[in-house]
1. Specify the residue that is modelled with the lowest pLDDT; the eligible residues are those in segment 44-68 that are of a type in the set (Val, Ile, Thr) and loosely packed, with under 12 Cβ neighbours inside 10 Å.
2. Six or more apart or on different chains, Cβ under 7 Å: which pairs go from a residue in segment 62-77 that's assigned to a helix (DSSP H, G or I) to one that's among the aliphatic types (A, V, I, L, M)? Could you list them?
3. Does any residue of segment 12-29 turn out to be surrounded by 11 or more Cβ atoms within 10 Å (Cβ to Cβ), of a type in the set (Lys, Arg), in contact with a Gly (Cβ under 8 Å, 6 or more places away or on another chain) and at pLDDT below 95?
4. Looking only at segment 42-97, count how many residues are farther than 30 Å from residue 29 by Cβ and among the polar types (S, T, N, Q).
5. Scan 110, 89 and give me the residue that is within 19 Å of residue 33 (Cβ to Cβ), modelled with pLDDT under 90 and either part of a helix (DSSP H, G or I) or not hydroxyl-bearing (Ser, Thr, Tyr) (or both).
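The values are calculated or read from the model by the stated rules, or taken from the named source; none is laboratory data. From a predicted model like this one, the values you see are computed outputs, not experimental measurements. Glycine also receives a Cβ, built like all others from the backbone with ideal geometry; neighbour counts cover every protein chain displayed.
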Amino acid sequence: MEQNSSSFFDYVREDAILQDEIYWLVYVLEWAATAIDIFASLILLLGAIRFIWGFVKAEFSRDADTRVKGVNRERVELGRYILAGLELLIVSDIILTALSLAMADLVFCLLYTSDAADE
């Protein structure tokens, strides 16, 4: 006797209007999500470069108080870049998950966004 080993998370909807009728919109949204990913990566890279530059500059300061203030200022600045980059990455993930027809992706997105809302 053969047993069906598919589970709830293996479900993929096969006939969706979005993919069948408005396929060009899916194509455009996938490209938009890719562009957002690239832009987010550039923001993170820019933040890292600015942090390294500011950190090195602050570390070579002669005054200890100036050094601590400079490092803390750079850490706050880096945090802003990280937050901006991660927010864009989340937007991209939401777009791609909305386009996905896999139940596991949709459940993951639901759990991910509900966890983020708790914080």
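1. Residues of segment 44-68 that are of a type in the set (Val, Ile, Thr), as a first pass: 49, 52, 56, 66, 68.
Right, trim to loosely packed, with under 12 Cβ neighbours inside 10 Å and you get 49, 56, 66.
Values: 49: 97, 56: 94, 66: 89.
Ranking the candidates gives 66 first.
2. If the second residue must be among the aliphatic types (A, V, I, L, M), the pairs left are 67/58; 70/58; 71/58; 74/58.
3. So far as segment 12-29 goes, no, none of its residues is surrounded by 11 or more Cβ atoms within 10 Å (Cβ to Cβ), of a type in the set (Lys, Arg), in contact with a Gly (Cβ under 8 Å, 6 or more places away or on another chain) and at pLDDT below 95.
4. 3
5. Working: 89 fails: modelled with pLDDT under 90.
It is 110.
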